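> Provided herewith is a single structure, encoded as structure tokens, for subsequent inquiry.
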Amino acid sequence: MAILKINGENKIFEKVPSTMKALLEFLNVDDATVVAEVNGQIIPRGSFHNTILQDGHNVELIRFVGGG
Amino acid sequence: MKKLIIAGKEFTSRLFIGTGKYSSNKIMAQSIEASATEMVTVALRRVDIQNPQDNMLAAIDRKKYLLLPNTSGARNADEALRLARLARAATDINWLKLEVTPDPYYLLPDPIETLKAAEILVKEGFVVLPYINADPVLAKKLQDIGTATVMPLAAPIGSNQGLKTKAAIEIIIAQATIPVVVDAGLGMPSHAAEAMEMGADAVLINTAIATANDPIKMAEAFKKAVQAGREAFEAGSASVKNHADASSPLTGFLRD
Amino acid sequence: MNIQQAIYNDAGYSPDRLNALISPEAQNHLEPMAKRARQITRQRFGNTIQLYAPLYVSNFCVNNCPYCAFNCKSKLPRTRLTIEDACKEADILAAEGFRHILIVSGEDKNFITVPYLAELSKKLRENFSSISIEIYPASTEDYQKLFAAGIDSIALYQETYDRADFARFHTSGPKSDYDWRLDTLSRAGQAGFRSLGLGFLIGLSDWQAQTLAMAEHADILMKKYWQARVSFSFPRMRPAENVDEKLFRYMITDTQLVQMMLALRLCFPDAEIVMSTRESQTFRDNMAKICVTRMSAGSKTNPGGYAEKEQSLQQFEVADDRTPAQVAAMLNSIGLEPVWKDWDKAFNK
């Protein structure tokens, strides 16, 4: 059992998705429109497929929304 | 009408649109089109994991409209810097509306944190458009450090009150060496026209359009108002103010 | 812009507006211009006039300006003041009430050096709260040193903004560099000077073109060095020994000078307008009522002039030779308060 903190909430996984790309697929988030941070570091989109995720990582997934 | 130039980029439309508060992405897209704008602001928020497919960005045609990410939600310089870097990572756009608003009631911008963040962002290569209260000294300081515009508010965000800060904006315009974009608080097309007649280079409108009964029609009205105001400014008014002063002659000594 | 708008609109500068105000037609509207100018001046500056005195420290000069008695070809007894002698002169001025002093010198870099000026300034700071300089153009680093030593204000006249006329009048010496001279006030602004004094020598070139050029210069300085105040002076050609008056084809009448001053006041409500003792009593007294904010009084334009009984050569003949006390009394009589000290040195450090 493993935990990833995603957008401030702890999410429990049997097995943590191995890469950021895998996580996004799991969550059904379109990786073309999202910005990701792991433990405070911005992950460039081109690196989603080789960014390794581990138990205890703090992930932020951010996208553009309407705003003034 | 003369073109507006910001950081070397030409704009025909002097109306910028915010994308928040619309009832649907579809209405937002139609309003943007009706406004004939060339640049729209967007914000950054956490993806809603429960609703991951909601994607506002898909509704904006990026071939027609420039995206201007804002740092809304930032309460201090550090948070603004983080949002700025996230925005750039997401889109490779280095233009940024810098917005630092610690007070959740009036959403007024923090001058000190804004100046702090602006200085760092300019050094990191961002094209910074800072949202500020109508403070002429702050505006000069931001110009000195190299922001691309200054964006003084007319009234608090969403208040639709019009040019409450008119006297201060006049001073900012008189002293400005970069474009002045009046942003926040403009509630009616007449307010926008007034700002343009005063010599503002552009205006940014969000709430007044998004929350109108017919946003698309309102967007078109604002488009016309901004054009009218700008044309009036370029035409040059002939009106004369009245300054009566009855007193003894001052230049009589020249004839003595 | 029509004349009515140019006069009655809210104060502010545009080339169009200034052009209308200095046009021949506007000369028929001097009285309403004067009333507006007075209204604007009173609102911004109150009923006060700042008094200052010039302190000439050297009449040595390496330039050959034909309009100046100090020009290098002129055979006059040359004088330089030691720091000690300069301070003696300054003591006399302080005793008369002055707290603002303007150090003036010919281009005499060998003696009136930056260290000399810095040392003099430190000594003068004991008695004077504001020290201004009207000397040769210097570098930004020099101005930084001078600012650190207590000099916060500068006057440097471009003489003429017309490049061809400038070249004709300044054929040799450091002063022949038009651009170095033009950029001086910017360098001083960059060094933090609080007051930047502009002017052109009236008589060298067409006054209207010069006024428009000077206004553009002021506008640029005000936008960039927004923490400094701009001032306008109006040096008008005056009789002087060794100066051939036939060289000056663009002399203007009193009426035209008044028009120029009023036009600038309407366009630049916050600029200082300075009147020296080149002008007559009548002219000074009447313009003080309208838009002047700063005046010299009791001036001696020769080094050592305040202390010495035997007068060395003056830079120009003074037209108003009243004592400072007399000028102050005159100001009081017309409802203006002469301000001797406006700025406390304690705030500057």
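The values are calculated or read from the model by the stated rules, or taken from the named source; none is laboratory data. Worth saying up front: this structure is predicted, and the values here are computed from it rather than measured. Every residue, glycine as well, gets a Cβ built from its backbone with ideal geometry; the counts of neighbours run over all protein chains shown.
> Under 8 Å by Cβ, and 6 or more places apart or on different chains, what pairs join a residue from segment B:176-197 that is in contact (Cβ under 8 Å) with a residue 60 or more places away in the chain and under 28 Å from B:GLY146 (Cβ atoms) with one that is of a type in the set (Lys, Arg) and in a helix (DSSP H, G or I)?
B:MET196/B:ARG230
> When you look at C:ALA228, is it touching a residue at least 60 places away in the same chain (Cβ under 8 Å) and of a type in the set (Gly, Ala, Ser), yes or no? Steps first, answer last, please.
Numbers: touching a residue at least 60 places away in the same chain (Cβ under 8 Å): no; of a type in the set (Gly, Ala, Ser): yes.
No.
> Looking at C:MET260, C:MET251, which one is more than 12 Å from chain B (Cβ to nearest Cβ) and either outside any helix (DSSP H, G or I) or of a type outside the set (A, V, I, L, M) (or both)?
On the way: C:MET260 fails: either outside any helix (DSSP H, G or I) or of a type outside the set (A, V, I, L, M) (or both).
None of the other options fit; the residue is C:MET251.
> Using beta carbons and a limit of 6 Å, which pairs, at least six apart or on different chains, have the first residue in segment B:77-97 and at the interface with chain A (Cβ under 8 Å from one of its Cβ atoms) and the second one part of a helix (DSSP H, G or I)?
The qualifying pairs do not exist here.
> Here is a follow-up. If I ask for residues that are over 24 Å from B:GLY252 (Cα atoms) and either within 12 Å of chain B (Cβ to nearest Cβ) or more than 15 Å from the chain's Cα centre (by Cα) (or both), which ones from segment C:274-299 would you list?
If the condition is that a residue be over 24 Å from B:GLY252 (Cα atoms) and either within 12 Å of chain B (Cβ to nearest Cβ) or more than 15 Å from the chain's Cα centre (by Cα) (or both), then C:GLY298 is the only one that fits.
> So for segment B:127-141 (the condition being surrounded by 17 or more Cβ atoms within 10 Å (Cβ to Cβ), out of contact with any helix residue (DSSP H, G or I) (no Cβ under 8 Å at 6 or more places or on another chain) and farther than 24 Å from B:VAL47 by Cβ), does at least one residue qualify?
Yes, the conditions are met somewhere in segment B:127-141.
> Out of C:MET295, C:MET251, C:MET275, I need the residue that is closer than 21 Å to C:ASN19 by Cα, touching a residue at least 12 places away in the same chain (Cβ under 8 Å) and out of contact with any Cys (no Cβ under 9 Å at 6 or more places or on another chain). Which one? Spell out the reasoning first.
Numbers: C:MET295 fails: closer than 21 Å to C:ASN19 by Cα; C:MET275 fails: closer than 21 Å to C:ASN19 by Cα.
After ruling out the rest, the residue left standing is C:MET251.
> So in segment B:94-108, with the set limited to residues that are more than 17 Å from B:ILE205 (Cα to Cα) and buried (at least 18 other Cβ atoms within 10 Å of the Cβ), which one is modelled with the lowest pLDDT?
B:THR101
> Go through (1) closer than 24 Å to B:ARG88 by Cα; (2) out of contact with any Asp or Glu (no Cβ under 9 Å at 6 or more places or on another chain); (3) surrounded by fewer than 18 Cβ atoms within 10 Å (Cβ to Cβ) one by one and return the number of the condition A:GLU25 breaks.
So A:GLU25 meets the others, but not (2).
> Still on this structure: List the number of the failed condition for B:ALA154; all other conditions in (1) more than 20 Å from B:TYR106 (Cβ to Cβ); (2) of a type outside the set (D, E, K, R); (3) touching a residue at least 12 places away in the same chain (Cβ under 8 Å) hold.
(1)
> Just need a number here: residues in segment C:24-43 that are more than 14 Å from chain B (Cβ to nearest Cβ) and either closer than 28 Å to B:ALA176 by Cα or assigned to a helix (DSSP H, G or I) (or both). Give the derivation first.
Here is the first cut: in segment C:24-43, the ones more than 14 Å from chain B (Cβ to nearest Cβ) are C:24-25.
Those left that are additionally either closer than 28 Å to B:ALA176 by Cα or assigned to a helix (DSSP H, G or I) (or both): C:25.
Selection size over segment C:24-43: 1.
> Restrict the check to segment C:126-135 and report whether at least one residue is aromatic (Phe, Trp, Tyr) and touching a Phe, Trp or Tyr at 6+ places or on another chain (Cβ under 6 Å). Quick ask: steps written out before the conclusion?
Let us first name the residues in segment C:126-135 that are aromatic (Phe, Trp, Tyr), namely C:128.
Then keep just the ones that are touching a Phe, Trp or Tyr at 6+ places or on another chain (Cβ under 6 Å); that gives none.
No: segment C:126-135 contains no residue that is aromatic (Phe, Trp, Tyr) and touching a Phe, Trp or Tyr at 6+ places or on another chain (Cβ under 6 Å).
> Another question about this same structure. Given (1) charged (D, E, K, R); (2) out of contact with any Asp or Glu (no Cβ under 9 Å at 6 or more places or on another chain); (3) more than 28 Å from B:ASN133 (Cα to Cα), where does B:ARG45 come up short, assuming only one miss?
For B:ARG45, the exception is condition (3).
> Counting only residues that are of a type outside the set (Phe, Trp, Tyr), within 13 Å of another protein chain (Cβ to nearest Cβ) and assigned to a helix (DSSP H, G or I), how many does segment B:183-233 have?
Going through segment B:183-233 one residue at a time, the tally reaches 6.
> Further, regarding this structure: If you go through segment C:100-152 one residue at a time, how many are touching a Cys at 6+ places or on another chain (Cβ under 8 Å) and among the aliphatic types (A, V, I, L, M)? Reasoning before the result, please.
Start the filter on segment C:100-152 by keeping residues that are touching a Cys at 6+ places or on another chain (Cβ under 8 Å), which leaves C:106-108, C:120, C:123-124.
Next cut, among the aliphatic types (A, V, I, L, M) only: C:120, C:124.
Selection size over segment C:100-152: 2.
> What's the number of the condition C:TYR143 fails, among (1) in contact with a Ser or Thr (Cβ under 9 Å, 6 or more places away or on another chain); (2) under 19 Å from C:ASP342 (Cα atoms); (3) of a type outside the set (A, V, I, L, M); (4) modelled with pLDDT of 95 or more?
The failed condition is (2).
> Right, here's the next one. Quick check on segment B:187-196. Is at least one of its residues surrounded by fewer than 21 Cβ atoms within 10 Å (Cβ to Cβ), under 13 Å from the mean Cα position of the chain (by Cα) and closer than 23 Å to B:GLN143 by Cα?
No: zero hits.
> Only one residue in C:SER195, C:SER205 is more than 14 Å from chain B (Cβ to nearest Cβ), over 13 Å from the mean Cα position of the chain (by Cα) and either crowded, with 20+ Cβ neighbours inside 10 Å or closer than 17 Å to C:TYR136 by Cα (or both), so which one is that?
Values: C:SER195 fails: over 13 Å from the mean Cα position of the chain (by Cα).
Answer to the selection: C:SER205.
> Where residues in segment C:159-176 are in a loop (DSSP other than H, G, I, E, B) and of a type outside the set (Ser, Thr, Tyr), which of them is nearest to C:ILE112 (Cα to Cα)? Step through it out loud before you land on a result.
To start, the set of residues in segment C:159-176 that are in a loop (DSSP other than H, G, I, E, B) comprises C:160-162, C:170-173.
Cutting the leftovers down to of a type outside the set (Ser, Thr, Tyr) gives us C:162, C:170, C:173.
Numbers: C:ASP162: 29, C:HIS170: 21, C:GLY173: 17 Å.
By that ranking, first place goes to C:GLY173.
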